[in-house]
1. Considering only residues that are assigned to a loop (DSSP other than H, G, I, E, B) and surrounded by 13 or more Cβ atoms within 10 Å (Cβ to Cβ), look in the range A:47-73 and name the one that is modelled with the highest pLDDT.
2. Which of (1) within 27 Å of the chain's Cα centre (by Cα); (2) part of a loop (DSSP other than H, G, I, E, B); (3) crowded, with 17+ Cβ neighbours inside 10 Å; (4) away from chain A (no Cβ under 14 Å) is the odd one out, the single condition residue B:85 does not satisfy?
3. Do the conditions hold for residue A:299, that is, is it in contact with a helix residue (DSSP H, G or I) (Cβ under 6 Å, 6 or more places away or on another chain), assigned to a loop (DSSP other than H, G, I, E, B) and either buried (at least 22 other Cβ atoms within 10 Å of the Cβ) or among the β-branched types (Val, Ile, Thr) (or both)?
4. Based on this model, can you work out whether residue B:198 counts as of a type in the set (A, V, I, L, M, F, W, C), loosely packed, with under 13 Cβ neighbours inside 10 Å, in contact with a helix residue (DSSP H, G or I) (Cβ under 8 Å, 6 or more places away or on another chain) and modelled with pLDDT under 90?
5. Among the residues of the range A:238-284, which ones are in contact with a Phe, Trp or Tyr (Cβ under 9 Å, 6 or more places away or on another chain), within 20 Å of residue A:207 (Cα to Cα) and free of Cβ contacts under 8 Å to residues at least 40 places away in the same chain?
6. Counting only residues that are within 16 Å of residue A:128 (Cα to Cα) and aromatic (Phe, Trp, Tyr), how many does the range A:266-301 have?
7. How many residues are surrounded by 13 or more Cβ atoms within 10 Å (Cβ to Cβ), in a helix (DSSP H, G or I) and within 8 Å of chain A (Cβ to nearest Cβ) when one looks only at the range B:24-45?
8. Would a scan of the range B:188-205 turn up a residue that is part of a helix (DSSP H, G or I), more than 30 Å from residue B:106 (Cβ to Cβ) and free of Cβ contacts under 8 Å to residues at least 12 places away in the same chain?
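The values are calculated or read from the model by the stated rules, or taken from the named source; none is laboratory data. These numbers come from a predicted model, not from an experiment. Quick reminder, even Gly has a Cβ in these numbers, built from the backbone with ideal geometry, and neighbours come from all protein chains shown.
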Amino acid sequence: MEGYVLGNGFAALLIGLALFGSWRVRSTPFWRERVAEIVRRRPVATFVVALYVGVALLDSVAWHDALPGETSVDARSLLDRAFPSDFRERSYSAPLAAVEFYGGQPLAHPGRHLLGTDILGRDVLHLALGGARVALLIGGLTSLIAIPLAIAFGLAAGYFGGRVDDVVFLLLSTLASMPSILLLVALIMVIGRGPVQVCLALAVTSWVSFCRVVRGETLKLRELDYVQAARALGVSELRIVWRHVLPNLSHLVVITFVLTFSQLVLSEAILSWLGVGIDGSWGQMIDQARDELARDPIIGWNLAAASTALFALILAVNRVGDAVRDVLDPRTLRDSP
Amino acid sequence: MLAYLLRRAAWGAATVLGVLLFLFALFFLYATPQDIARRALGEKAPPEAIQQWLVNHGYDKPAVWNPEHPLDTRLAEHVRRMLLFEFGRSDADDVPIAQRLRDGVGPSLSVTVPLFALGLPLALSLALLVAFFRETYIDRAGVVLCVLAMSVSVLVYILGGQFLLGKLLRWFPISGFDPDPSVLLRFLALPVLVGLFAHVGADVRFYRAVFLEESGRDYVRTARAKGAGDARVMARHVLPNALIPVLTNVVVEIPFLFTGSILLESFFGIPGLGSITVDAIQSNDFATLRVMVYLGALLFIAGQMLTDVAYTIVDPRVRLG
């Protein structure tokens, strides 16, 4: 299956989840109030995050428009279609320049590359916007793998205790004791390079702390009066977990998702630099820009665009994350990183 | 106390065993020896060369089960060698790994120790300052600055530092290392400075939260009711008690001083353990990578045990049940 089909599927899945989530939020007064409060506290940051998600989704929906018999054309996303199809130069050009940076040959599109072009002549603005899709993929796919895993293991350990708890806790200690960057690299080197593999490796290293939180909270919930009451009434264990414990973990899921997101994107930047990242990420752009700072005259627009795009997203997510934590849970997660 | 220590040690040993099994599954079962040999020798290596390489590196034994000699398997060999610290030779260039480690510890420590010794007091005093002025504009500005500092990727700090302080202002060499004490400081200044910037935001935020948590406790109210001033409350009552969670956060980090910082070392050309790891990644050297992950895990487990012991000493409320 080709990459763009997977991308379309993933975008459809995310849009579906977002629609389902917003329907749940609107229909529950608790969540409606909380979400309104978060947006009221951080209007700008919420808007910035929404903007990034919008760009990322635009870049995820792609299709071929090859004529019959002409199959070599790459699939182009909605974002790609906002730029001319031959929007390339031969090599570096400065922002809004009319000639090439080296040699002074006239450009194919003089004055139209707002942020210049990179060594291969690709438009830097286009690349920087495309990085949003990779960031969303890293955060989204990793969370889709890690959160269910963490909830399943954390619930089992916290609710059933005893031997189950011991086994899960040993598993968590084992994974937590290995340095995360090294574990990430080792996993990726062994299971292979590629977006899905990188997200899988990130999920393996990031579900541990979340699982601990779920386990601790479940231990507390298990002893609460309403759970005891349900048990006294003869409600089955599975139903207690599903109806009485799981819903009370949902605020933790939201908080952890937002707080982990920025960590994941920053980790990918480091992985890119180590040569095992995802193609098209801001980390890779920064990595490629390393040599450019040593040139004379220096080429800085590439690095500036990628690091600004990365910084703005992480900052916005961190700001929203703080509000999410304060609004949903002012107490339990204070010391989480 | 003794029973607690023994139980804690048993748990640590179980975790080490878990790490060893995980590494075995990852590096010996999922990645087969054939894969590793091909990566080391190249895709076009003749089968005899691969076979010879497997024998030389001990990859030719049965994986888990050998009916004739139950202990002559790759699993048993892997566990034995790791536990006895016999790390063998690198998969990439046959240099003994133990020798590399010995050579790398010094340069690693020369970066991490100053970073630790400067970073901890800096973060603690900034956090104390911000917590002292809590709920004023100083506090808010401090928190926003911390979030700003946390949102910048380490890569940008490193590249920015090298460009601004190394190339533009020419204060420090851009990268390099020389163990000669007269020039060592010049080479270390930039990596340590960049490391401080990269960590200070998250640390100050964490310590501030700890200080604020302590400031809300009953004994602080009592001290205030007896007429103690803000500064006295902070220095005499909040700080000593807040040092307990700080201590537990810090002791875990001490063992990692030995493994160094992967990013700082390889960007600044410091030949420490972090650089060795990066070289191992880039040359597909699974044996070295395996050893580094194992040592990292071992140090972390040791750090956690130290922390637990330290906790029982400094906090009399901790029950050893």
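1. Here the residue is A:61.
2. All conditions pass for residue B:85, except number (3).
3. Answer is yes for this residue.
4. no
5. Correct list: A:250 only.
6. The total comes to 2.
7. So the answer is 2.
8. no
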